Structure formats: C-alpha cells, structure tokens
Amino acid sequence: MKRLAKWRLISLFGILALVLSGCGEPYLSTLKPAGEVAETQYDLMKLSTLIMVGVIVIVAIIFVLILVRFKRKDDRIPKQVEGSHKLEIIWTAVPILLLLILAVPTVAATFKLADVSPMDKKNSKALVINVRSHLYWWDFEYPGQKIVTSQDLVVPTDEKVYFNLKSTDVKHSFWIPAVGGKLDTNTENVNKFWLEFDDKKSNEAGNLFYGKCAELCGPSHALMDFKVKAISRDKFDAWITAMQNVKEPQKAQGAVAAQGQEIFNQSCIGCHAVTPSNKMPETARLAPNLSNFGERSRVAGVLDHNKKELKNWIRNPETYKPGNMMTGKYPEMSEEQLDALAEYLMGLKAQE
Amino acid sequence: MHADEKFTYETWPAAPEKSTLESKNKFLGFWFFLGGETVLFASLFATYLALKDKVPSTTHHLAKDLFELPLTFVATMLLLTSSLTSVYAMYHMKNFAFKKMMVWLGLTALLGAGFLGLEVYEFTLYVHEGHTFTSSAFGSAFYTLVGFHGGHVAFGLLWCLTLMIRNSKRGLDLYNAPKFYVFSLYWHFIDVVWVFIFTVVYLMGMVG
Amino acid sequence: MSTYAQKKGFGATLWDFLTTVDHKKIAILYLIAGGFFFLVGGLEAVFIRIQLAVPNNDFVSAGLFNEIITMHGTTMIFLAAMPLVFAFMNAVMPLQIGARDVAFPFVNALGFWLFFFGGIFLNLSWFLGGAPDAGWTSYASLALHSKGHGVDFYILGLQISGIGTLIGGINFLVTIINMRAPGMTYMRMPLFTWTTFVTSALILFAFPPLTVGLVLMMFDRLFGANFFDPTLGGNTVIWEHLFWIFGHPEVYILILPAFGIFSEIFPIFSRKRLFGYSSMVFATVLIGFLGFMVWAHHMFTTGLGPVANAIFAVATMAIGVPTGIKIFNWLLTMWGGSVKFTTPMHWAMAFIPSFLAGGVTGVMLASAAADYQYHDTYFVVAHFHYVIVGGVVFAVFAGTHLYWPKMFGTMLNEVLGKITFWLFFIGFHLTFFIQHFLGLWGMPRRVFTYLPGQGFDAANMVSSIGAAFMGLGVIVMLYNIIITSVKNVKVGNDPWGDGRTLEWAIPSPPPFYNFKQLPLVRGLDAYWLEKMDGKKGMTPAEPLGDIHMPNSSFLPFMMAMGLFIAAFGAMYHVNDKAWALPVMIIGLLVTFGSMFLRSVKDDHGFHIHKEDLMDEEDKGVKA
C-alpha cells in the first residue's frame, strides 16, 4: 500500500510537470507557432511524430508479447529459425513508404523556407533587416529605412520579413522559437531567410517574442537573448518615422539627466551611438545602439528594465554577463553618476 | 616458410612480399593505411580548392602570379622517374638480385632527394615574393597541402636509407623482403599524390 | 598461466601490462582506462545537472561550465565510449574468429598507449590553466577566439589519441580478413565481428578528415596560419565540414559495435539463432556506407542552401530503413525463443525501446525544415543521449556483464547487476525524456543557466533528479566489480550455459595463445553446432604443433610518450618559452627514435613448443 502511494506520487508529479508546462510559453515555445514559418515546421513535427508513434506502437506490441509469452520455463531448445523473407520484405518496404510520406513535405518546406527571391528584386517593397551578432548582443539595421537599433527587434505583423544574417566576431545563431527558426550567423558569409509574425498570435503572446542565440559562443551564450516587438504595420510605420526623426542625440530632460548625458558623452559614446541614423559602417558599431533605450524591454537583454537593474549592470557588467566586451572599457562610476546615467538613458525614447 | 630462413635464387618464392602470415598481414595492412592516407590527402585537396583564391587583398599573389611551371615540371619528372626506378628495384628483389636492387633503390633515393631539394628551393622563391604560410588563407592551404606531401617524401627518403643501411650486409630474406616491398608501395603512393598536386595545384592554378 | 601471473609482484605485473602485446591484456587496459574516463565524464555530467537544476544557479561559473560541457562531450565520445567499445573488440573479436592474436600485436599496444596518452594530455588541461571551452565540436570561430591553452589541449590530445584509434582500425580489418580459423567464412562470422569489421572500415575513412581538421586548427592557433580567419580569406565552414565528415561516421563507429554486442546477447539468452542473419549483415554494411553520406544534417542551419539541405535530409531518413530492419530482426530473434532475463538481457531488452526513441527523434531531426527548430536545442541533446546512452552505454554495461567472465574468469553478481540496471534505466529516462520538451519549449543547448519565467524550471529539476539515479547505478556497479574481484569465484568455459560462438569454447580467461589448436568451424554459431551434436568442444582443424607468438615490447609506450612530450613543446612554443622548442624536439626524437629502433631491431617473436603445450594440458587435468 505504501509502495503504491509512492508510485502514485511520482507519476502524479510527472504528469503535473507535463500539464503545467503543457506546450510551453506562447512567446517562446515552438509548440505555440506564431507565424507561417513556425506553423510549417509545427506541421512537419506533427506529421513525423504521428508516423513515428505508429512505428513505436507496433514495436511495443511485439515487445510486450515477447515479455509475456517467451520467458524461459524449461530447458527445451527452441526451433532455430533462419529468417523469413516475407517478413523482412515487409519491414523494409513499409518504412520506405513511411519515410517517403515524410520526405516529400520535408523537401517542399525546405525550399519554401529558403525562398528569399523578393529580397533581391529591384524596387522590392519587402522589409529587409540586417542582423549582426556580437558577443553577446544583437544589432538590427533596417537598410531601406536607414535606421539602426539593437537588442529589441521591431517588426510588422502579417507580412514576410527578410533577414540578412552575419556575425562580426564568432559564430552565433539567430532564433525566435515561437515564430520560426533558425539560421546561423556565420563569420564569412551572409545567410538569408524570412519570417512572418502572425498578428493574432502576437497579441496572445503580448506582442513580445523571446529571441535566443542558439550556437555556443562563449561564457554568456546563455544570456544572449533579444526580444521581438511584433506590431501592426501602422504602428510599425509610426515607429520607423519616429526613429527617423531622431536626427541628433536627444537633449536630456531635467538637471539629473543632463548630468547623465554629460557622463555618457565622456565615457560611453565611444562605443554606444544614440542616434538611429545609419552612418557608421557595421564594423564600427562596437556596442548596442541606445537611441530608444527608454523603450526597450530589458537591460542588456536579460535584466528587468528599470533604473535599479540598469545601475547594477553599469556598476559591474561582468556579474551579469561574464566575458562581455563592456567590462573595463569605462571608468568606475559613483552612485551619483550612476543615478544620473540611468536617468538619462531611461529618458531616451523615440516615441512619446 | 619461416621468416629467418636462408634462401638461394632457386628456393626464393615467387611472391616474397607475402609468403608468410606476418608479411601477408603487413601487405594488406599497408594497403589499408594507404586508403586512410588517400582520405587525408583528399581532405587537404578539398581545403586547398576551397581556399585557393582566398587572399586578403587584390594586390596579394595568386597561383598564376607565382608558379614556375618549368621548375615544377622538372621536379615532377624526377619523382616520376624515381617511381620507375623503385619498380626496377622490386623486380630485382623478386629475382633475389640483392646488389641490383640496392643500386636501383639508391637511385630512387637520389631522385627523391633531388625532388625535395627543388621543392625547398621553390618554397624559398615564393617566400621571397611575399607568399608565405601566414600571409593568406591561400598561402596556408598551399604550404599545408604541398608541404604534407613533401613531408611524406622526406619520411620515405629516411625510410629507404634506413632499410638500405640496415640490410646492406645480410642480403634478402623473407623478413626484410616485405619491408622493401611495402616501402615501394609507399613510394608509388606519394608519386600518385604528386601527380594530383601537379594537376590540381600547378596546372589548374596556371589556367586560372 | 593465470595462476603463474597471480604470483607475480606488483612491479612485475605493471611491467607486464606496460609491455604487453596480448590482445586480451590490451582489452583489460582499454576497459580500465575507458572506465576511468567514463567516471570522469560522468562526474562532469553530474556537475552540469547540478548547475542546471534551478534557474540562475551559480554552482559553477559560466566559463567553467563551458569547460565542463566541452570536456564531458569530448571525454565521453573519445575517451570513454570508444575505448570501452575497443576493449570488447580486443577481448572478443580474435576469439570469435578463432585467431591466436590480432594481425599486428605491436600496433595494437601502440594504439592503446596513443589513446591513453592523448586522453591524459587532454585531461591535464584542468590543472594547467583551464580545459577547452569551445564545445566538443570546437567550431572554428569560437575555438580561435578562446583564450589560454584549453583548445590547444583539445587539438593535440585528440590528434594523439586519434592516431591510436586509426591504427587500431587497420589492425582489426587485417585481423578479420587474414586470421579467421579454417571454415570461418565471412557469412559465418558472428555479428559482433561483422560490426567490428564495418566499424574499423569507418574508422579508417572517417579519422583522416578529423586529423586534417585538427592539423589546420593547430596551424591556425599555434603557427599563424589563416584557414579559419575570414579577414585573411579563411573560412570556418571548412572546419564544420571536416569535423562532421568525421563526426557523423563516428556516431556509427560507436553504435555499430553496440548493435554487435546486442546481436550476441539476444541469441544467447533466447537460445535461438539470430533472426535474418544475412539481412543483419547487409543492414550493418549499409548503415556504415550511408554514414558517410549524411554529415551535413549537422549543418542544416549553417546556410548551405535548400538543395544541399533537401538531399542530406532524404539521405538521413534512408538510414532509418536498415536500422528498422535490425530492430525487427532482434525482436523476431526473441519471438518463439526461450528468453532468460539475465543482467545482459535486461540491458538488451531496455535497449530496444530506448534506442527506438532515439531513432524516431533522429528521423524527426532529419526533416530539414523542422530541424531548424530542433537544431542546437535540448531536443537534440535528448536525441543523442537516447542514441548514445540508450545504445552505446547500455551496450557497454551489457557487454561488461556478458564478457566479464570471459575476460576475468569470474561472474559479476547478478542481483547487483539488476539493481544497477533499474537505477540507471529509470534515471536515464527521467533525465532525458523531459529534455525533448525543454528543447521544443525553446531552451537552447549549452546554456550555463536559464532565467526563471520561461517555463523551464520544473522540467530541469526532474532532469537533474534523474541524473542522480544514474549516478547511483554506476556506484552500485563499481561495488559489484569490487566484491566480485575479491571473491573471485572461477567459472568454466561457458558460464552463461548458452554460449554460441567460439569464445565460449575455450577457458575463461583464455590461455595467452587462445587456441591450442585452431578450431574447425562448421557453420554460424560454431560452438552451438558442436554442442547440439553432443560434443564438448570444437573439433581441431590442425594437429598439435608449435605456436608462434610475438614478443612483448616497451617501445609502444615510448612512442606514445614521445608524442605526449612533444605536444607540450608545441603548445607552449606560442608563449615564447625558451624550453618549448627543445621539449618538442626531444619528444619527437623519442617517438621517431623508438620507430627507428623498431625498424632496425629484428623481432621474430618466439615459439611455444608442442611439448610445453602438452604439459599445460596435463596441468589442466590435475587442477
């Protein structure tokens, strides 16, 4: 009785764990597809799982029958069977058929997901985004709109968005699990693919998808997250216009922020740009562009977006992202200076 | 037949390189080793082909600006001839003509040394022109592929000389006959590799 | 012979093992060294699971975590799984074909010592400034970016042990082709011998690309070359290709011998010959062949383009067919049999569903477009642990229990063996099943931590608890080995009672010359055939005569040690250390000097005389 209770507890715990997490979080899980690419991939997952479950069931039946029927009971020597051509042909032919059923949609989907021809057409209206991966942050350039932003990717929903991917240091991999994935950012060539963000699903996910680096790239590989704001085309256009309007570094509001801006201009501006206009070559963009930092969702991609965490980050980035390129590039800051910097940075907004 | 048995021309077997179990094993094992070596060189060739015109700037030397075909042609002839002389050496080995075999082996080594000398000279020429191991991906791939081959030739040369000196006094028996034979297999192999290097690196390099 | 060995002192025994060229002793060396590295890799796995048990954990730092995962992967693949598989190949294959030793006993010893010194070199990195931290795949851009000497330890250590593996492969190939007993045709060879054969062929063709890759990386890191530096024209994708042209066949190098071990276990404990023997052989060869055609499925997200991805996707799916054939043949071997559930049989039975799970996720991964979602996530981690642990490690456990009496002359405790099995089996599924879902929920692999609030917490905790069970299972196994060795109850030729192949026809452990007279093989399952005819042993194929045996030698140890020394010189030469270059030269001199010695010093071996063999027989009767 006691033993039974223990087993019940364990199985209960297991089921609970599964049910609680279910299909994962809508902003992160590949099992909650939020766009055409992820949808295609999810369909392939379901098809392959279905076929494979069929195979598993057949094997399981034979397996259980063996366990039940052929346990050694006496010392007899069973009949030595060489094989059976009929059976062997069956279990060669049937898997081939099953694999064909999977292979055809696989090949079709592989070509579909690689179709980036609208990118190269002249006068194409397709939205193209250049993604540049750095040790441990992401740079997003909108070449057609001539703006640059970092860490928070902003995209319109319900249309195909095309990506040029490349890395500036070591290999990373660009992945937005809920929307589709993934493609590596190589060091020597540009990789291209497209994604589509479903408007309804985006709303369900709070219009903020989680993005990840999927290729081991050093100590803070685990923390190389980014976020994707998927908004309607109208809102997106408004955002673009607002970003384009920031021609010069914004004037700080208030005395504290003004002091922060002064510190920023002394210690930070060498690496961090605060204008979204795309004038610097990509190799000179050494650190995330902070033009609209006040509107971002995380500090450094992983910390909550508030002044306290921002100060923590500037005080000692190494604690939060080991091996990052920011540590030691600027003088140590007093509490007062940190307050001022945080005040200034949080005020950097393109849209009111 | 035992490995340390003494032989005369009459009792010498027709295939002395594989008349004991040990030598049969050695013979087969060496063929497999050459199979592995083939994959090794194939990988180096693939790397070279991928990087052969990858240089950091437009001013950097490429294959067609560098290579001295007459020089490499002479080197090729030396190595091809050395393959032929090693065939003669094996012919005499099978006929139990130890002295003649040694003469032909000596010639093989000499030709191999000549090839190696030319290769070193060729490399120094290129280095003086600024095409070095570290100057570009092309340079790294070139010196690695050709140098690997050169290293094989050098090893073969030492091997050949060791065999000749070690056995100079005692003549042929079933213990050392397979050793000579396996060496000649190796020598043919590096010759064949060179034919590919000459074609892929030098001739194709000159064409474009 | 064995009683004589026991009387020797520790020093003499040590010297015996340092100089041995006997395949059975080399097997024991592989088993001990591989077992040791398995424990090291296992400990690293435990650290990984402790760190990941809860979000934002700081049990180990980010940098150290990357060193641990790199060493866990590298150790388990190169220093644990391969040598353990090699241990059984060495211990059993020559016996199965009725040979007195392998074709090149000296090379066999050299292969072991190269592997051993390579492994030691790699693990010394922990004490000399940090282990490699670029993953076991050591992708070039990250490897070149990695500071310190960690990655150098990886390059040089794997290079040394890789050469050892390569010559081991050649040795087995020649052994199987040239040294089979009279009547042992190819289609009468036991399946473990067949898988050893195909595996060796894979080693021969798969290791040279790795050698080249490692050489290129070494040149880049230590000698200023630019193979992988894009600013000077280099291309890191070359490394990916070379690594996976090696890396994928490597998976089959590991799994095929595992298939071989299970193909021995099912017939033995079902008392029934292997169902569809010829199709099993065919499937083995086909898997080996296809293994070379699919490497780019590890690179679906590298950006090779849809044509390459589609071709490699379909080729990969094709491997599912021969693997499926094998699964059904094993099932049908048991069908109608008389199945005894010994410890090896427990592992073999558990292997079928576990490996099947790994196989079907493999087919899922083969679907290129869907793989864009799985790639580099915990789904992949779950998949290859199902294949490698559920296949290879289960086979190593099964093989250890099955062949322990043949290697050491005494049986491991069956009760403890089954306890080990259940702990490990439950722990294994608890650890890895849930990881499929972690991957699908969006958790990338090789992360040193994860933030809370992403739905990963509970599943990771479950996974870590499972790892503890696996650890317990291994501890019970170690205890089993110790008490078994202390008790040392001797067993006869065929301790399981149902042995079918030649190794069960001779004493456990076999005399150092294996077969006094080479056996005559009359068909598949040679020993079983004789038993069914009411005979006690094999019919000899030759009259009793002198046996030619090879001499022991210390040179293999010296050759391997020379490279070990030279590697330190090569590595520290970049730091402008004055001693580095001389050390490298001394090391190479030791190696090439030993090769020179080997070449000029005649070694004809020795003969065991007919009379001595008769004496042995008399002694045997008395005992």
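Among (1) over 25 Å from the mean Cα position of the chain (by Cα); (2) more than 11 Å from chain B (Cβ to nearest Cβ); (3) not hydroxyl-bearing (Ser, Thr, Tyr), where does residue C:189 come up short?
Every listed condition holds for residue C:189 apart from (1).
For the range B:43-68, which residues satisfy the criterion of being farther than 28 Å from residue C:245 by Cα, in contact (Cβ under 8 Å) with a residue 24 or more places away in the chain and among the β-branched types (Val, Ile, Thr)?
Matches in the range B:43-68: none.
Under the condition of being out of contact with any helix residue (DSSP H, G or I) (no Cβ under 7 Å at 6 or more places or on another chain) and either assigned to a loop (DSSP other than H, G, I, E, B) or within 14 Å of chain C (Cβ to nearest Cβ) (or both), which residue from the range B:112-131 is nearest to residue B:71 (Cα to Cα)?
Looking only at the range B:112-131, we keep the residues that are out of contact with any helix residue (DSSP H, G or I) (no Cβ under 7 Å at 6 or more places or on another chain), and these are B:117, B:120-121, B:123-125, B:127-128, B:130.
Now narrow it down to the ones that are either assigned to a loop (DSSP other than H, G, I, E, B) or within 14 Å of chain C (Cβ to nearest Cβ) (or both): B:127, B:130.
Numbers: B:127: 16, B:130: 19 Å.
Filtering first and then ranking leaves B:127.
For (1) in contact with a helix residue (DSSP H, G or I) (Cβ under 7 Å, 6 or more places away or on another chain); (2) more than 19 Å from residue C:251 (Cα to Cα); (3) aromatic (Phe, Trp, Tyr); (4) surrounded by fewer than 20 Cβ atoms within 10 Å (Cβ to Cβ), each residue gets a yes or a no:
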{"position": "C:142", "(1), (2), (3), (4)": "no, yes, no, no"}
{"position": "C:162", "(1), (2), (3), (4)": "yes, no, no, no"}
{"position": "C:165", "(1), (2), (3), (4)": "yes, no, no, no"}
{"position": "C:174", "(1), (2), (3), (4)": "yes, yes, no, no"}
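Can you confirm whether the range C:295-304 contains a residue that is outside any helix (DSSP H, G or I), crowded, with 24+ Cβ neighbours inside 10 Å and at the interface with another protein chain (Cβ under 7 Å from one of its Cβ atoms)?
No: zero hits.
Hey, can you tell me all the residues within the range C:139-158 that are in a loop (DSSP other than H, G, I, E, B) and facing another protein chain (nearest Cβ under 10 Å)?
C:139, C:146, C:147
Return the residues of the range A:35-81 that are more than 30 Å from residue C:534 (Cα to Cα) and touching a strand residue (DSSP E or B) at 6+ places or on another chain (Cβ under 7 Å); say none if nothing qualifies.
Within the range A:35-81, A:35, A:36, A:37, A:38, A:41 meet the criteria.
Please go through the range A:190-212 and pick out each residue that is out of contact with any Phe, Trp or Tyr (no Cβ under 7 Å at 6 or more places or on another chain) and within 7 Å of another protein chain (Cβ to nearest Cβ).
A:191
Give me the residue from the range A:106-119 that is part of a helix (DSSP H, G or I) and either in contact with a strand residue (DSSP E or B) (Cβ under 6 Å, 6 or more places away or on another chain) or more than 8 Å from chain C (Cβ to nearest Cβ) (or both) and, out of that set, nearest to residue A:38 (Cα to Cα).
Step by step, filter the range A:106-119, then rank; the result is A:108.
Restricting attention to the range B:144-157, does a residue exist that is farther than 25 Å from residue C:215 by Cα, out of contact with any Ser or Thr (no Cβ under 7 Å at 6 or more places or on another chain), surrounded by fewer than 21 Cβ atoms within 10 Å (Cβ to Cβ) and free of Cβ contacts under 8 Å to residues at least 40 places away in the same chain?
No, that holds for no residue.
Does residue C:323 fit the bill of being out of contact with any Phe, Trp or Tyr (no Cβ under 8 Å at 6 or more places or on another chain), part of a helix (DSSP H, G or I), among the β-branched types (Val, Ile, Thr) and within 10 Å of chain A (Cβ to nearest Cβ)?
Answer is yes for this residue.
Can residue C:313 be described as facing chain A (nearest Cβ under 8 Å), part of a helix (DSSP H, G or I) and surrounded by fewer than 23 Cβ atoms within 10 Å (Cβ to Cβ)?
no
Taking only the range C:440-469 into account, find how many residues are part of a helix (DSSP H, G or I), facing another protein chain (nearest Cβ under 8 Å) and in contact (Cβ under 8 Å) with a residue 24 or more places away in the chain.
The qualifying residues number 3.
Condition (residue is in a loop (DSSP other than H, G, I, E, B), within 13 Å of another protein chain (Cβ to nearest Cβ) and in contact (Cβ under 8 Å) with a residue 12 or more places away in the chain) applied to the range C:62-78: is it met by at least one residue? Write out each step before concluding.
From the range C:62-78, those in a loop (DSSP other than H, G, I, E, B) are none; that's our starting set.
Checked the range C:62-78: no residue is in a loop (DSSP other than H, G, I, E, B), within 13 Å of another protein chain (Cβ to nearest Cβ) and in contact (Cβ under 8 Å) with a residue 12 or more places away in the chain.
Does residue C:290 satisfy being within 22 Å of the chain's Cα centre (by Cα), away from chain B (no Cβ under 14 Å) and surrounded by fewer than 23 Cβ atoms within 10 Å (Cβ to Cβ)? Give the steps one after another, and end with the answer.
Values: within 22 Å of the chain's Cα centre (by Cα): yes; away from chain B (no Cβ under 14 Å): yes; surrounded by fewer than 23 Cβ atoms within 10 Å (Cβ to Cβ): yes.
Spelling it out, residue C:290 is indeed within 22 Å of the chain's Cα centre (by Cα), away from chain B (no Cβ under 14 Å) and surrounded by fewer than 23 Cβ atoms within 10 Å (Cβ to Cβ).
Which of the residues that make up the range A:251-284 are in a loop (DSSP other than H, G, I, E, B), in contact with a helix residue (DSSP H, G or I) (Cβ under 7 Å, 6 or more places away or on another chain) and of a type in the set (A, V, I, L, M, F, W, C)?
Across the range A:251-284, the qualifying residue is only A:252.
So, in the range B:44-86, how many residues would count as being closer than 19 Å to residue B:135 by Cα and assigned to a loop (DSSP other than H, G, I, E, B)?
Count: 12.
Could you grab me the full set of residues in the range C:375-388 that are among the hydroxyl-bearing types (Ser, Thr, Tyr) and more than 8 Å from every other protein chain (Cβ to nearest Cβ)?
Across the range C:375-388, the qualifying residues are C:378, C:386.
I'd like to check something: does the range A:285-293 contain any residue that is among the small types (Gly, Ala, Ser) and in a helix (DSSP H, G or I)?
no
For the range C:414-424, which residues satisfy the criterion of being crowded, with 23+ Cβ neighbours inside 10 Å and among the hydrophobic types (A, V, I, L, M, F, W, C)?
Result: C:421, C:424.
Just name the residue that is surrounded by the fewest Cβ atoms within 10 Å (Cβ to Cβ) out of those in the range A:331-352 that are touching a Gly at 6+ places or on another chain (Cβ under 7 Å) and in a loop (DSSP other than H, G, I, E, B).
A:349
Out of curiosity, is residue C:119 in contact with a Leu (Cβ under 6 Å, 6 or more places away or on another chain), more than 10 Å from every other protein chain (Cβ to nearest Cβ) and over 19 Å from residue C:220 (Cβ atoms)?
On the way: in contact with a Leu (Cβ under 6 Å, 6 or more places away or on another chain): yes; more than 10 Å from every other protein chain (Cβ to nearest Cβ): yes; over 19 Å from residue C:220 (Cβ atoms): yes.
Against the criterion (in contact with a Leu (Cβ under 6 Å, 6 or more places away or on another chain), more than 10 Å from every other protein chain (Cβ to nearest Cβ) and over 19 Å from residue C:220 (Cβ atoms)), residue C:119 qualifies.
Can you name the residue in the range C:192-222 that is within 7 Å of chain B (Cβ to nearest Cβ) and more than 21 Å from the chain's Cα centre (by Cα) and, of all such residues, is surrounded by the fewest Cβ atoms within 10 Å (Cβ to Cβ)?
Per the criteria, the residue is C:219.
Could you tell me which of the residues A:45, A:52 is within 8 Å of another protein chain (Cβ to nearest Cβ), under 30 Å from residue A:206 (Cβ atoms) and either in a helix (DSSP H, G or I) or modelled with pLDDT of 90 or more (or both)?
Every option except A:45 fails the conditions.
Report, by residue number, each residue of the range A:271-324 that is without any contact (Cβ under 8 Å) to a residue 40 or more places away in the chain and of a type in the set (Gly, Ala, Ser).
Of everything in the range A:271-324, just one residue is without any contact (Cβ under 8 Å) to a residue 40 or more places away in the chain and of a type in the set (Gly, Ala, Ser), namely A:284.
Which of the following residues is outside any helix (DSSP H, G or I) and either facing another protein chain (nearest Cβ under 10 Å) or under 28 Å from residue A:76 (Cβ atoms) (or both): C:356, C:412?
From the options C:356, C:412, the qualifying one is C:412.
The values are calculated or read from the model by the stated rules, or taken from the named source; none is laboratory data. Just so it is clear, the model here is predicted, and its values are computed rather than measured. Note that we place each Cβ from the backbone using ideal geometry, even for glycine, and neighbour counts take in every protein chain shown.
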